[in-house]
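**Student:** The structure follows.
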Amino acid sequence: MNEYIVRTNSTEETLQFSKELAQKLQPGDVITLEGDLGAGKTTFTKGLAVGLDINKNVSSPTFTIIKEYNGRLPLYHMDVYRLEDSDEDLGFDEYFEGQGVTVVEWAHLIEDQLPEELLQIKISHGEENSRNLTITPKGKRYEMLCKELFA
Ligand code: ADP
Ligand code: MG
């Protein structure tokens, strides 16, 4: 399977990259974000929001699980870290199949409920402010998206 690696050396570079990715997103797109606490998942989502012309500041939705923002497309920002029972059906499908873009932090915790096709992004810490973003498209739509993005 194709895999793309992006290295960023600052918060700003990560924001810039996710902002660029946001330009290419379409209704129904799903992005999963994995990585330790402080890896940059929420930072990445902030850049997506800017790229989707969302004026509000995106913050970590830790206590609400899902936050919705309005922009060029709606953004559904999920952080499922605190989900105690991952078998519980919280109606995620409605978001995945909705007209917005869904971003899921700690997505592996709801692995069984994720759609088959999505853009998986794993963020790992390098030294200091460097991060490696490993991007794996799952499904045709996301393979095309990556081909465009990394052309
Ligand atoms: P997570 O949501 O994965 O727990 P956050 O995005 O909330 O992580 O926090 C990441 C922290 O790391 C922020 O304070 C951010 O400014 C900082 N940071 C430093 N370098 C980078 C980088 N290259 N990319 C993303 N964040 C970075
Ligand atoms: Mg976070």
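**Student:** Each residue of segment 38-45 in turn: what ³J(HN,Hα) in whole Hz from Karplus with 6.51, -1.76, 1.60 and θ = phi - 60°, glycine and Pro shown as x?
**Tutor:** So the J values, rounded to whole Hz, are x, 5, x, 5, 5, 4, 4, 5.
**Student:** When the helices in the chain are scored as -39500 (n - 2.57) per DSSP H run of 4 or longer and the sum is shared across all residues, what 222 nm value do you end up with, to the nearest 500 deg cm²/dmol?
**Tutor:** Helix contribution divided over all residues of the chain: -7500 deg cm²/dmol.
**Student:** DSSP beta bridges in the chain, what fraction antiparallel, as a percent rounded to 5?
**Tutor:** Of the beta bridges lying entirely in the chain, close to 55 percent run antiparallel.
**Student:** A further question on this structure: May I ask you to evaluate 6.51 cos²θ - 1.76 cosθ + 1.60, the Karplus curve with θ = phi - 60°, for each residue of segment 138-144 and list the ³J(HN,Hα) values in order in whole Hz, giving x for glycine and proline?
**Tutor:** Karplus-based 3J(HN,Hα) across segment 138-144 equals 10, x, 4, 3, 7, 5, 4 Hz.
**Student:** Within the set 19/56; 56/138; 19/147; 46/122; 19/138, which residue pairs have Cα atoms separated by over 19 Å?
**Tutor:** From 19/56; 56/138; 19/147; 46/122; 19/138, over 19 Å: 56/138; 19/138.
**Student:** Counting other C-beta atoms within 10 Å, and keeping those with at most 16, which DSSP coil GluC sites (Glu not before Pro) do you find in segment 118-151?
**Tutor:** In loop regions of segment 118-151 (DSSP not H, G, I, E or B), the sparsely surrounded GluC sites (Glu not before Pro) are 127, 128.
**Student:** Antiparallel as a % of all DSSP beta bridges within segment 69-151, to the nearest 5?
**Tutor:** Approximately 65 percent, going by the DSSP bridge assignments.
**Student:** If you don't mind, there's one more thing I want to ask. When you count, for each residue, the other Cβ atoms within 10 Å and take the mean per peptide, how do 19-32, 37-50 rank with the highest first?
**Tutor:** Final packing ranking: 37-50, 19-32.
**Student:** While we're here: Can you list the residues, at least 5 places off or on another chain, whose amide H is less than 5 Å from the amide H of residue 105, using H built in the peptide plane?
**Tutor:** Distant-sequence amide H within range of residue 105: 33, 78, 79, 80.
**Student:** Could you estimate the translational diffusion coefficient of segment 4-149 from the Stokes-Einstein equation, with Rh from the Kirkwood formula over C-alpha pairs, at 10 °C and 1.306 mPa s, in whole µm²/s?
**Tutor:** For these conditions, the coefficient is 105 µm²/s.
**Student:** Okay, next question. Test of understanding: ordering 3, 105 by Cβ neighbours within 10 Å, fewest first, what list do you get?
**Tutor:** Sorted ascending by nearby Cβ count, the order is 3, 105.
**Student:** Would you mind giving the average projected area, over all directions, of the Cα convex hull of segment 84-151 in nm² with one decimal?
**Tutor:** Computing the convex hull of the Cα atoms and averaging its projections yields 6.2 nm².
**Student:** Between residue 132 and residue 65, what is the FRET efficiency for a Förster distance of 41 Å, r being their Cβ-Cβ separation, to the nearest 0.05?
**Tutor:** 0.90
Since every read-out is calculated from the coordinates, none of them should be taken as a lab result. From a predicted model like this one, the values you see are computed outputs, not experimental measurements. Virtual Cβ from ideal backbone geometry, glycine too; neighbours counted across all protein chains shown.
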